[in-house]
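Report on the following structure.
The values are calculated or read from the model by the stated rules, or taken from the named source; none is laboratory data. Remember, predicted model here, so these are calculated numbers, not experimental data. Backbone-built Cβ (ideal geometry, glycine too); neighbour counts: all protein chains shown. Accessible surface is based on the protein model in full, side chains and every heavy atom, while ligands, DNA and RNA are left aside. Shrake-Rupley method; radii C 1.70, N 1.55, O 1.52, S 1.80 Å.
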Amino acid sequence: AITMVGNIFTAHHVPAWYRFIVLSPIGSHRIDGISVVGNTFKIFDSANIERVEAVNTAKGSFDMAETRYLRFSDNSFSKVSQRTESPTTVAVDRTTVATSWQRVVSGLMPFDGQVLGIDGITPVGAIRNSSDAIRYVPPYVDTPTGASGQSFTVRWPEAVKGKLHVRVRCDQTS
């Protein structure tokens with residue numbers, strides 16, 4: 001297990017591809033037990049870097065579908081283009097009715113992880129059908145979906161529209 005809590009990471013005059021945290025597996029592995037919480041990532045006198053973390057796949061790879069206990073949260077970022085977090089809350093907004101609502105989260109998960117879990121779904125306002133009548137129907141979620149596993153699909157028993165906040169994670173905790 002690796003734990004990084006409360007650190008200040010700084011860099012000066014670095015290229016956009018620079019990363020503070022790089023995991024370099026040798027062979028095929030899975031991520032299991034990493035916490036990056038409450039840290040500060042700052043870039044000085046440079047353009048933005050793309051993100052703070054990466055996987056070096058020169059000698060191996062991770063099976064991202066097998067990720068366990070990865071927490072990457074409550075960090076602050078300065079001059080970082082893509083902020084990553086897991087778990088994270090994303091909005092899913094549909095203005096037309098449908099029985100399935102897909103949301104792509106590529107880039108939001110640390111180490112380009114897959115969507116492996118949903119911690120919660122909260123409607124923001126009313127969920128409505130095509131007649132604009134309020135519907136009280138429970139959805140369920142398929143994870144991961146998409147070719148890279150970096151999306152999820154909210155499924156409804158009838159065609160509805162509205163907005164949700166969904167708490168998404170890139171690990172399995174069981």
query: Which numbered condition trips up ARG94, out of (1) farther than 16 Å from VAL36 by Cα; (2) of a type outside the set (Gly, Ala, Ser); (3) exposed (fewer than 15 other Cβ atoms within 10 Å of the Cβ)?
result: (3)
- line: Taking the range 20-34 and the residues there that are within 21 Å of the chain's Cα centre (by Cα) and open to solvent by 40 Å² or more (accessible area, probe 1.4 Å), the one that is farthest from GLU66 (Cα to Cα) would be VAL22
- prompt: Among the listed residues GLY125, GLY107, which satisfies the condition of being assigned to a loop (DSSP other than H, G, I, E, B), on the phi > 0 side of the Ramachandran plot and surrounded by 13 or more Cβ atoms within 10 Å (Cβ to Cβ)?
  reply: GLY107
task: May I ask you to list pairs of residues, at least six apart or on different chains, whose Cβ atoms are under 8 Å apart, with the first in the range 137-161 being within 15 Å of ASP119 (Cα to Cα) and of a type in the set (Asp, Glu) and the second being in a strand (DSSP E or B) and open to solvent by less than 30 Å² (accessible area, probe 1.4 Å)?
output: ASP142/PHE152; ASP142/THR153
- request: Answer with yes or no whether SER148 is within 30 Å of THR3 (Cβ to Cβ), of a type in the set (Ser, Thr, Tyr), in a strand (DSSP E or B) and out of contact with any Gly (no Cβ under 7 Å at 6 or more places or on another chain).
  value: no
- prompt: Do we find a residue being within 18 Å of the chain's Cα centre (by Cα) and without any contact (Cβ under 8 Å) to a residue 24 or more places away in the chain anywhere in the range 104-126?
  reply: no
query: Pairs under 6 Å by beta carbon, first residue part of a strand (DSSP E or B) in the range 82-103, partner of a type in the set (Ser, Thr, Tyr) and open to solvent by 20 Å² or more (accessible area, probe 1.4 Å), six or more apart or different chains?
result: VAL97/SER130
